[in-house]
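Reviewing the structure listed below.
The values are calculated or read from the model by the stated rules, or taken from the named source; none is laboratory data. Owing to the predicted nature of the structure, the values given are computational and were not obtained by experimental measurement. Cβ: placed from backbone, ideal geometry, glycine included. Neighbour counts: every protein chain shown.
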Amino acid sequence: MSRSKDNRRVSAYQPAQPTTESAVSSAVARELAGLVTHEDRDRARDRWRVARARRRRSGWKSFGGVRLLWLLIGPGVLVFLGENDAPSMLSYSATGARFGVGFFIPFVVLTFAIGLIVQEMTVRLGAVTHRGHAELIFDRFGKFWGFFSMGDLVLGNFLTLVTEFIGVRAGLGFFGIRASIAVGAALVVVIAAIATGRYWTWERITLGLAIFNGLFIPAALLAHPAWSQVGHALLTWTPLPRGDNAEILLLILADIGATVTPWMIFFQQSAVVDKGMQPRDIAAGRLDTILGTLLASTFAIAAILATVPLFHHGINAADFQAAQFAQALEPWIGHAGASLFALGIFEAGIVAAIAISTSSAYAFGEVFGTAHSLNRPIREAWPFYLFLLGSACAAAALVLIPNAPLEFIILTVNVIAVLAMPPALAFLLLLVNDRDLMGEHANGFWGNVAGVSVTVLLVCAGLGFGLFTIFPKLLGG
Amino acid sequence: MNPEKTKRKAQVEDSGSAEAHIEHPDLQDPKVVLSLLEADQVVAAKTRSRFGTRNLSVGARVLLWSLRVYVLIMLVIVVLSVIRAVHMGQ
């Protein structure tokens, strides 16, 4: 199971760079044949299905093409719908309630475009190297930088996990369900998803749950948005937000942090590897990521539109939590609309809890050399599953502690995500430009322009936040 | 193109399409499993192989250190803002 054990068993195989050579025609095929694991068999089954669909395909429009896309979508859709998590949906809701339809609608679309640029790089890295992000950072930059990077990830992931369980608790709280039952039910769903010992099944269960992020669409429709204003805002970025500049800056940061975070990089690359994607699947991986971006940005805008009635009626939602948003919306979008909103927050929390705890477990396994695949049975990869469940249980327990500072955790999570992102992006750009690793799949000129621009933008956003905090009167705060 | 690379690419394409013709592959047969995976996708091979540490240029090292200092300073600022929020709440 462990890396060191495998090291002793295979002696002659140490490629210096990734290869697309088939395992059966490699120099050590005979040696590898005696070491095939359960994980290899499951992954081979997935590859066989992809190969069969690809053979039957005569174009993306044919049934074979649809079947191939169905087999290869997953990590991209999951990462974006997972990032439409409880604090993110609350940020979007606060944006709609505070500023209505205007600048923030196209701004949110822009942040998703930024997310797409970043996540596409992880598809290429995972498909070409067959290594997770944490593993690559340790391999290429050494333990020193690896542990720094892991520190950012673990801290950010744990705090975010706490906020997901706050969302679960608050979402079901709207229906009068006790916090302990709500959080316990969420943990049961996490356990059910991983208990199958199969990446494919885990991915389909989580995708099935994630699509309920779309509950914000009927909630938005019940708010009867003025579509002409939405169209006008998308085209002109107006009206610009007015009022407290400090509050505007914080919402800008929160909305960026709601879309671009380090766990997404680590998760999608590891999921691409666990799914067994290969360089020839990169085009499908891009489509998967684009589909995830489109779905998530649509649902995010729906969350903004659902809370616009609070803006029109001058209701101050600055300190609202999930259940309070749903309660405040009830007079304007009805009990059904408010219920959909509360269920949407619950769903957002539960899907993100599954994805983020899995992201932490992947990184743990990659760094410490233990088995790290959802294709492994629990008995073969118990440290991986223990870390996954342990982080989820610890976050859930924190939410149940009376008088825990939950509001402050929510307040800081998205901001920490924005602050931790530039170093994560720097590692990503260095890796994806590493031609020894990536060969023909390395970043091109425009990919680097986009990546560097995103990094500079995030650094500037963070510096703006720092200036505001140190000199609050600078922005009239 | 490198003839060795061309040959390997052809082998990969062949093995992929050949296995796709099998309606019910016997995944207990290691050869079938290996024919469906790339060489460094196999767990035993992957855990053995290492890409090795790359030499970071001075510019890359300066960039990483700058961003590390940036994160540490920003974390202090986040703590400050939380403390301020706590006091305002009280």
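For the condition at pLDDT 90 or above, outside any helix (DSSP H, G or I) and more than 8 Å from every other protein chain (Cβ to nearest Cβ), what is the one hit in A:ASN443, A:ASN448?
None of the others qualify; the one that does is A:ASN443.
Scanning the range B:18-70 for residues that are part of a helix (DSSP H, G or I) and among the hydroxyl-bearing types (Ser, Thr, Tyr), we see that the one that is surrounded by the most Cβ atoms within 10 Å (Cβ to Cβ) is B:SER35. Residues of the range A:166-205 that are more than 25 Å from A:ILE73 (Cα to Cα) and of a type in the set (Phe, Trp, Tyr): A:PHE174, A:PHE175. Output yes when any residue across the range A:372-391 is surrounded by fewer than 20 Cβ atoms within 10 Å (Cβ to Cβ), under 20 Å from the mean Cα position of the chain (by Cα) and either at pLDDT 90 or above or under 29 Å from A:ASP274 (Cβ atoms) (or both), and no when none is. Yes, there is a match, as at least one residue in the range A:372-391 is surrounded by fewer than 20 Cβ atoms within 10 Å (Cβ to Cβ), under 20 Å from the mean Cα position of the chain (by Cα) and either at pLDDT 90 or above or under 29 Å from A:ASP274 (Cβ atoms) (or both). A:THR261 - would you say it is hydroxyl-bearing (Ser, Thr, Tyr), closer than 19 Å to A:THR111 by Cβ and in contact (Cβ under 8 Å) with a residue 40 or more places away in the chain? The answer is yes for A:THR261.
Applying the selection to the range B:80-90, what residues are in a helix (DSSP H, G or I) and either modelled with pLDDT under 80 or surrounded by fewer than 12 Cβ atoms within 10 Å (Cβ to Cβ) (or both)? Hits for the range B:80-90 are B:SER81, B:VAL82, B:ILE83, B:ARG84, B:ALA85, B:VAL86, B:HIS87, B:MET88, B:GLY89.
In the range A:222-239, of all residues being part of a loop (DSSP other than H, G, I, E, B) and in contact with a Pro (Cβ under 9 Å, 6 or more places away or on another chain), the one that is surrounded by the fewest Cβ atoms within 10 Å (Cβ to Cβ) corresponds to A:HIS224. The set of residues in the range A:383-401 that are touching a residue at least 12 places away in the same chain (Cβ under 8 Å) and either of a type in the set (A, V, I, L, M, F, W, C) or on the phi > 0 side of the Ramachandran plot (or both) comprises A:PHE384, A:PHE387, A:LEU388, A:LEU389, A:ALA392, A:CYS393, A:ALA394, A:ALA395, A:ALA396, A:LEU398, A:VAL399, A:LEU400.
Can you find, within the range A:174-194, the residue that is surrounded by the most Cβ atoms within 10 Å (Cβ to Cβ) among those that are outside any helix (DSSP H, G or I) and touching a residue at least 24 places away in the same chain (Cβ under 8 Å)? Only one residue fits best here, namely A:PHE174.
Within this structure, A:ALA134 passes the test of being crowded, with 23+ Cβ neighbours inside 10 Å, within 14 Å of chain B (Cβ to nearest Cβ) and more than 21 Å from A:ALA296 (Cα to Cα). Kindly evaluate B:ALA20 against the criterion of being modelled with pLDDT under 85 and facing another protein chain (nearest Cβ under 7 Å). Judged against the criteria, B:ALA20 is a match. Every test in (1) part of a helix (DSSP H, G or I); (2) hydroxyl-bearing (Ser, Thr, Tyr); (3) over 30 Å from B:LEU37 (Cβ atoms) is passed by A:SER270 save one, and that test is (3). Where helices (runs of 4 or more DSSP H) fall wholly inside the range A:78-173, the ranges with 3 or more residues that are of a type in the set (Val, Ile, Thr) and under 16 Å from A:MET264 (Cα atoms) are A:104-129, A:133-173.
When every residue of the range A:298-309 is checked against the conditions, at least one turns out to be among the polar types (S, T, N, Q) and either surrounded by 21 or more Cβ atoms within 10 Å (Cβ to Cβ) or closer than 26 Å to A:ILE356 by Cβ (or both). Checked against (1) surrounded by 14 or more Cβ atoms within 10 Å (Cβ to Cβ); (2) of a type outside the set (D, E, K, R); (3) modelled with pLDDT of 95 or more; (4) not in a helix (DSSP H, G or I), A:GLY214 passes all but condition (4). Pairs linking a residue in the range A:92-113 that is charged (D, E, K, R) to a residue that is outside any helix (DSSP H, G or I), with Cβ atoms under 9 Å and 6 or more positions apart or on different chains, are A:ARG98/A:PRO241; A:ARG98/A:GLY243; A:ARG98/A:THR307; A:ARG98/A:ASN316; A:ARG98/A:ALA317; A:ARG98/A:ALA318. Considered as a group, the residues in the range A:21-40 that are charged (D, E, K, R) and outside any loop (DSSP other than H, G, I, E, B) include one that is surrounded by the most Cβ atoms within 10 Å (Cβ to Cβ), and that residue is A:ASP40. Within the option set A:GLY173, A:GLY126, A:GLY156, being of a type outside the set (D, E, K, R), within 17 Å of the chain's Cα centre (by Cα) and more than 25 Å from B:VAL43 (Cα to Cα) holds for one residue only, A:GLY156.
Put simply, of B:VAL76, B:VAL62, B:VAL33 the only residue that is facing another protein chain (nearest Cβ under 7 Å) and either modelled with pLDDT under 90 or under 28 Å from the mean Cα position of the chain (by Cα) (or both) is B:VAL33. Does any residue of the range A:240-253 turn out to be in a helix (DSSP H, G or I), at pLDDT below 90 and of a type in the set (Gly, Ala, Ser)? The answer is yes, given that some residue of the range A:240-253 is in a helix (DSSP H, G or I), at pLDDT below 90 and of a type in the set (Gly, Ala, Ser). I'd like the residue in the range A:31-50 that is among the aliphatic types (A, V, I, L, M) and closer than 15 Å to A:ASP274 by Cα and, out of all such residues, is nearest to the other protein chains (Cβ to nearest Cβ). It comes out as A:ALA44.
Here the range A:451-477 is the region considered, the condition is being of a type in the set (Gly, Ala, Ser) and outside any helix (DSSP H, G or I), and the residue that is modelled with the highest pLDDT is A:GLY476.
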